[in-house]
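Notes to accompany the following structure.
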Amino acid sequence: MPQNPADPEWAYVRLQYEHRADKVTGKETIHIKTPSGRGENGESVSGDVFGVVEQKVADYLGPMLGKGLIRLDAKIKKGGGNLPILPLQMLVYTPKGNITVVGNYLSQSNLILSDPAPPCDMHRFTHYHYFNPHHGLVDSLNRPIMATNSLNLASRDHSRWSTPNSSGKSVEVQRSQVDELFKTLKDGDELAETEPTSEVATKLYPHQKKALTFLLERERETKGTDGFLSLWQKRYNPINHRTTWYHMVTQNELFEAPVEAKGAILADDMGLGKTITCVSLIAATLPSSLAFAESPLDNVLPPPPRQDGPNAAQFAGSVWGMPDVSEPSPPTSQKAKAKAERQMERAEADYARSCRIKAKSRATLIICPLSTVSNWEDQFREHWKGEVAVIGGSGGVCGLISQQTTPPSLSQASSSSQMSMFVEEKLKAEDEKPKRIREGKSLRVYIYHGNARRPDPSFLADFDAVITTYATLASEFSKQSRSLLTADEEEDDGGESDQGGVDYDDNGNQVLRLPKSKKGALKRKKAMLSTANNPAELPSALQSIHWFRVVLDEAHSIKETGTVASRACCDLMADRRLCLTGTPVQNKLDDVFALIKFLRLDPFDDKNIWTEFIGSPVKFGQPLGVARLQTIMKSITLRRTKETKTSDGKRILALPPRRDELRYLKFDEQEQEIYNRFFSESQAEFNDLTKKNEVMKNYVGILQKILRLRQICDHFELVDGKEPGQDSAVPSYDEIVAAIAKDGFNATRAAAIFAILRESATTQCVECGGDLCVSNELNADGVDAEGAPPSNKRGRRGKASSSRGPTRASSPNSPRPVVTRCQHLFCIQCYRNSICPGWPNVAADVRRSCSACQTGLSPSDSYEVKPDMVLEGSAKKKPAKREKRQKGGSLDNFHPSTKIKALLGDLIQFSRMNEHSVNYDPEIQVITDNGMSDNGVVKTVVFSQWTTMLDKIEDALEAAGIRYDRLDGTMKRDDRTRAMDTLKHDPGCEVLLVSLKAGGVGLNLTAAQRVYLMDPYWNPAVENQAVDRIHRLGQTRPVTTVKFIIENSIEARLLEVQKKKTELANMTLGQNTSKADIALRRMEELSQLFNGS
């Protein structure tokens, strides 16, 4: 081999890349060959292969070599004897424009570039541009080479060496940016207090009066001491005596007063009274709403027609007799043409939207999750002084428990008699109680939801408030859009050429018929959707009204701008807009763009301008981007937390004290034996995978084993039938992996992988960190997204319901998870952005690398998991329906776990003090200073993340004679309302069982005083959110929370991991964290769970 002139111990070698698709593992191979030479007769002789590059390095470098993105020069250190491993040094060459991309890819793959050092021949590089994107990551021994310029490039431009490393932000860093943004949001302490109008019956807290001031200023109803809150600064030039308006972010200057958006984001913490503030705002703006409704419809001029050919301006002065024209010449550059096209499309969409309007309304349209509809009804009735007429939905009086329903406890006969007695006593007490005198202006509220809703714009326009759900809005908007596309399809059927459209298969699923010209079809589709007065359109009633105000409750639901619900919200016509959310930004700063787009905060509601001024700078770690966003958010956002204090040092909301207890318990002998067996097997497998460096390749399997251990801590019967080799409704991870290796990856196996992740409560996108667990919220009312009743009939679904799938998949409560063959989980937006643009509509031979593990992926190696996907064999192995235990029945098969025994030990004590309980003991004295009501009734909420655990607790409560009710994500809206009303009004109902995720949104459980968390959740914020449903505005008694933890178990170690993660996040605030660091941290966490270190 030829010698290296710089060091005789090193020799140059050639590298040859080979891809073997037929291999299960190690598909990428980089062969090491001796350099080519000449034979005796001068012929070329190919070098011999004598080794391969280390497999984990080849896995990352191989695809780049195959695509020609990089070129490698390599040399190997000579060694004596038959050494199995030899040192290899490689120099990476790539086009200058690829340096950042290649550097990021290598660092994510944990391959760090060092600066050239001996035995490298420095003189070879004097004619090359040199830059090391990993310069700050190499050790201190190599840094002097750059500092002393040992590459003899003194005559070259050094400025290009200092190009910043524009690596993307990790999930942790993005959340750190979110925290930093929250700290700078306006808390409104300097705002004046505005008293509510006479229509509001409830006295507001000072912080709510300040919020009312802020919202009135943002809606231009009142002017503050410093003028209106605005991003525009008014300036006066004394020289030319002209007034201009200067934008603080874009630095644009106008000579006329800008028309600003009337909108705001009220981002107060949960439980501070955002709803009552909104009710007060509606009352304060009643005169303005009436004036708005009486004004004529806006007359919007149509946009100028598109100029497909040359216009007159192009020939001015060139043709005899052609008069000079003042119209500007068309743009010539591609960028200018694209900008003009966007402006034209926006103008056409605005015109089509305005032509859709049939009436102006004084109403405030409130869009909210299904679970909060009843809360809005209650809030209007409670806080409005005059009569409140609620029409549609459930309507009527919702303060009493329906006599047609009974709580699921004890025997049916016993429950019915007790409930009847309770209702009679309640009605009698209501009759004896002095009635609230309703005086002042009445309020008309319509619940636009359910199959009986009335889609009449003129009817809806005659209310003061209209309440609807995100699902209903998205469903009608989806129908409206499809009506145009369907008409387009029918028109094509009558023509001679096939220009594309939408077909339906035998199952009613949409099938896209590709056009001959994609570009022409895309233009025609946009034209159809933005055509005004199109007779084929079936406009939604909600989209046909110019509302006085639109309010988004839980506004973060629309953070993904591509969803149907987000587009439907942004398409609504309104004079004023308001976002209510406790978390305006959840995972990344880009989440706020959807809210700004809804508010129509010009010019940042344009995605291109947002990206230019905020999105790109934030993505690449430039402080200017965060600073600009802070400026915008300070102008439009008001945020206070429970810890926010007034100028005199007092908290803005004085809640009763809350005591948190962490109670450690010990397994009994049987439980300990079962736990030890599972733990020993799982620990041995984890340690074996660690030695092989294959933990992350089997990450889902590890999560499943951790899940089983956590479930044993709750109740060992939760893992019955889930041991290796036993029959189970859900296949084990090992069975899924074996099936993938044998028969390949398919949609069913993708759904099985997702089921394991969902059961483990780890369904976060690996890129953005968003939760991808499909919610049952949309179906909780028993109707589908289209509003049609569900069908239990088997057979083909007609075309009328064909939109059910797409609408759910695009709704805010139904994310679109994508599972890869390498078992990583992405949201569909991140998958398209970071791996495969345009997926799944891409060529079959396209090959991309997984951004998490760099495994090569083809389009068929990833599947979107749909809500209705069924696991293999799950239909055959469906567990039998659980029957309720009857009072006095056999308890032979009832085995309470350690946690359930501890829970019953507490609950039975309070049940004996309750005179409405079968366990009542009159000799026990009632103590009223420990969160107990005067009549001795203590209400308790029990949370668990597993409904099977709630089933076990039900059995225990039945056996103990303690009455209860239940609330989980599968329940209909009326059942949810009944369960909460039962807890609030029925003194015999002592316990409410709640699934942790169902208890996180839209519930008011202030009737309870005690909270039990049966199992720790991965994310403590979910636990806090659930507890805040009890300890919030309206709570008048002290609250006690108890969290059960089995000592010396994986639960106890999980608490340590949570604590360490919180500390680490605080230490690394604002720092860049690579994916390699994240993977290393994840490994450390898993090691701590299994080995305690």
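Tabulated results
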read-out	value
Options Val57, Val101; residue that is aliphatic (A, V, I, L, M), at pLDDT below 85 and in a helix (DSSP H, G or I)	Val101
Ser566 modelled with pLDDT of 85 or more, closer than 26 Å to Gln1025 by Cβ and of a type in the set (S, T, N, Q)	yes
Boolean, His985 is over 28 Å from Asp668 (Cα atoms) and buried (at least 21 other Cβ atoms within 10 Å of the Cβ)	no
Unmet requirement for Ser647, which otherwise passes all of (1) in a loop (DSSP other than H, G, I, E, B); (2) among the small types (Gly, Ala, Ser); (3) under 30 Å from Ala594 (Cβ atoms)	(3)
Residue match in segment 441-455 (condition: β-branched (Val, Ile, Thr) and either modelled with pLDDT of 75 or more or assigned to a loop (DSSP other than H, G, I, E, B) (or both))	yes
Residues located in segment 1002-1027, provided they are surrounded by 20 or more Cβ atoms within 10 Å (Cβ to Cβ) and either charged (D, E, K, R) or closer than 19 Å to Pro369 by Cα (or both)	Gly1002, Leu1003, Asn1004, Leu1005, Arg1010, Asp1015, Glu1023, Ala1026
Pick from segment 1-32, criterion at pLDDT below 85 and β-branched (Val, Ile, Thr), ranking: farthest from Asp743 (Cα to Cα)	Thr25
Test: residue in segment 891-900 that is at pLDDT below 85, in a loop (DSSP other than H, G, I, E, B), under 27 Å from Lys559 (Cβ atoms) and not hydroxyl-bearing (Ser, Thr, Tyr)	no
Test: residue in segment 644-665 that is in contact with a Ser or Thr (Cβ under 9 Å, 6 or more places away or on another chain) and among the acidic types (Asp, Glu)	yes
Long-range neighbours under 8 Å by Cβ, at least six apart or interchain, first residue over 11 Å from Gly26 (Cα atoms) and not assigned by TED's automatic domain parsing to the domain that holds Leu857 within segment 53-64, second of a type in the set (Val, Ile, Thr) and assigned to a helix (DSSP H, G or I)	Met64/Val102
From Thr641, Thr611, residue being part of a loop (DSSP other than H, G, I, E, B) and within 24 Å of the chain's Cα centre (by Cα)	Thr641
Any hit, segment 654-666, residues being under 30 Å from Ser1087 (Cβ atoms) and part of a loop (DSSP other than H, G, I, E, B)	yes
Residue ranges of strands (runs of 3 or more DSSP E) in segment 204-276 with at least 2 members charged (D, E, K, R) and either more than 36 Å from the chain's Cα centre (by Cα) or closer than 21 Å to Ala555 by Cβ (or both)	232-237
In segment 843-868, the residues that are closer than 17 Å to Val101 by Cα and out of contact with any helix residue (DSSP H, G or I) (no Cβ under 8 Å at 6 or more places or on another chain)	Arg848, Cys850
Residue check, Leu301 in a loop (DSSP other than H, G, I, E, B), surrounded by fewer than 15 Cβ atoms within 10 Å (Cβ to Cβ), at pLDDT 85 or above and of a type in the set (A, V, I, L, M, F, W, C)	no
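Rundown of residues vs (1) modelled with pLDDT under 85; (2) more than 35 Å from the chain's Cα centre (by Cα); (3) more than 18 Å from Gly1092 (Cα to Cα); (4) not small (Gly, Ala, Ser), yes/no style:
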site	(1), (2), (3), (4)
Arg658	no, no, yes, yes
Asn676	no, yes, no, yes
Glu685	no, no, no, yes
Tyr699	yes, no, yes, yes
Leu709	no, no, no, yes
Ile712	no, no, yes, yes
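The values are calculated or read from the model by the stated rules, or taken from the named source; none is laboratory data. Worth saying up front: this structure is predicted, and the values here are computed from it rather than measured. Note: ideal-geometry Cβ built from the backbone for every residue, glycine included; neighbour counts use all protein chains shown.
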